[in-house]
Amino acid sequence: MRNYRFRLYPTDHQERKLIVSLETSRWVYNYFLNHPTMSLQDMQFALTELKEEEPWLQNFHSKMLQMVVHRIDGSRKALKVLQRNGHKTGKIAFAKSKDSNSFTYNQSGFKIVRHGNTDLLWLSKIGYIQLRLHRLVQHIKQITILRETNEWYAIICCEVSNRLFTFIDPRRSVGIDVGITKFSHDSDNHTISNPLYLTKTMKPLRRANRRLSRRREGSNNWNKAKTWLQILHQRIKRKRRDFAHKASHYYSQKYDIIFLERLHTLNMVKNSHLARHVLDSGWGTFKTLTEYKAKMTIDVNPKNTSVACSRCARNVPKSLAVRIHKCDGCGLVIDRDYNASLNIKRRGFCFLPQELREVTPVEILRESMKQEESTNMVESSQSLLSCQLQ
């Protein structure tokens, strides 16, 4: 299964219908939460009786209302899993109008047609809506209509067949170390700078938050200030996702096997000095996009990848401020992120099947020697230049 997101351009009349559908889904959702807990089958039977008691529900597609019942059942099952794992949980909260932004058509009640040069999405009980179809979709299972900052989107879930055979060349492999200063530094000594879009947009964000706090809540000016703040956050989100798509496309097209760190972001954000930069980097989005684009991705335990020497495996403790790895045992001097990426690649090969391990650890270590030679050349040229100046 794969989801594709397409922009919708409804007319004013169609937008009113979409908003009414959102409110109806919210009403049904709160109706079942307000009643004693029932099983999925009991809620589905109660839904048919509810439609007889409330005739106005006949104006909405039956599958849309049934998916609301499935969402409640899924939320209750998720709470049970959390309770079973020892987490403290409360009750499912009632849906507010501002939080109800999507509804789903499952299996039926939709189709995509082309009228001249325009693509149209037909939804039962709503009609034809203009759709920006940027790619061909087949085997559609369900469509979710989403409202996001006064814009409408159709999230189309399609069944995609997996490739039966994929040729994997182990020589086209890379280890990637992600960070804050540099978004990524791979084992081929290629770096991608971190744009940190949230940090660059902090000044207009602070100004928009101050403007919102000065308005009376619920007024027209308050709604305008809120919309502008949502637009700023949406721009940051889109820039970050576009950057993640481009970075994941670069690595998935160039390499067959990609070794990534198994990072626990929730533990990393406990450091208040780095929390904003960690979340702004979007490592999780990059990893998710890379996993479905690349032929093979392998998670590697990141413990001591920056500390261990990529040549002699000796631990060289260093603080986060130290950006150069200097090993007193073997004399290796390279960038710490490059050293970490070499360790990630070497550890990742241990998880490969035996028939794919054509690149030996010796060949991996030769890459670090090339970096050391270039570093020594730079240091010698700098010392020669200082002697000439004296």
Highest mean first, what order results for 39-51, 275-287 on Cβ atoms within 10 Å?
275-287, 39-51
How big is D, in µm² s⁻¹, for the chain by Stokes-Einstein at 20 °C and 1.002 mPa s if Rh is the Kirkwood radius over C-alpha pairs?
84
Least to most buried among TYR9, TYR128, TYR29 (fewest other Cβ within 10 Å first):
TYR9, TYR128, TYR29
I need the calculated FRET efficiency for the pair THR166 and ASP242, taking r as the beta carbon distance and R₀ as 25 Å, to the nearest 0.05.
0.40
Run through the range 161-222 and list the trypsin sites (Lys or Arg not before Pro) located in a DSSP loop whose Cβ has at most 16 other Cβ atoms within 10 Å.
ARG163, ARG171, ARG172, ARG214, ARG215, ARG216
Run through the range 90-159 and list the trypsin sites (Lys or Arg not before Pro) located in a DSSP loop whose Cβ has at most 16 other Cβ atoms within 10 Å.
LYS91, LYS96, LYS125, ARG135
Full extension between LYS254 and ARG215 adds, at 0.36 nm per residue less the Cα distance, a length in nm of 8.9 nm
Separation between the LYS318 and ARG207 pseudo-spin-labels, each 7 Å from Cα along Cα→Cβ, expressed in nm?
4.0
Translational diffusion coefficient, Stokes-Einstein: compute it for the range 2-158 using the Kirkwood radius over C-alpha pairs as Rh, at 20 °C and 1.002 mPa s, and state it as an integer in µm² s⁻¹.
127
In deg cm²/dmol, rounded to the nearest 500, the helical mean residue ellipticity at 222 nm of the chain, built from -39500 (n - 2.57) for every DSSP H run of length 4 or more, is -15000 deg cm²/dmol
Modelled FRET efficiency - R0 35 Å, ASN3 with MET38, Cβ distances, 0.05 increments
0.75
What does the charge count around SER100 come to, taking other residues whose C-beta lies under 12 Å from its C-beta (Lys +1, Arg +1, Asp -1, Glu -1)?
+3
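All of the numbers you see were taken from the coordinates with simple rules; none came from a lab. What you see is a predicted model; the values in this text were computed from it and never measured. Please note: Cβ atoms are built from the backbone with ideal geometry, for glycine as well, and neighbour counts cover all protein chains shown.
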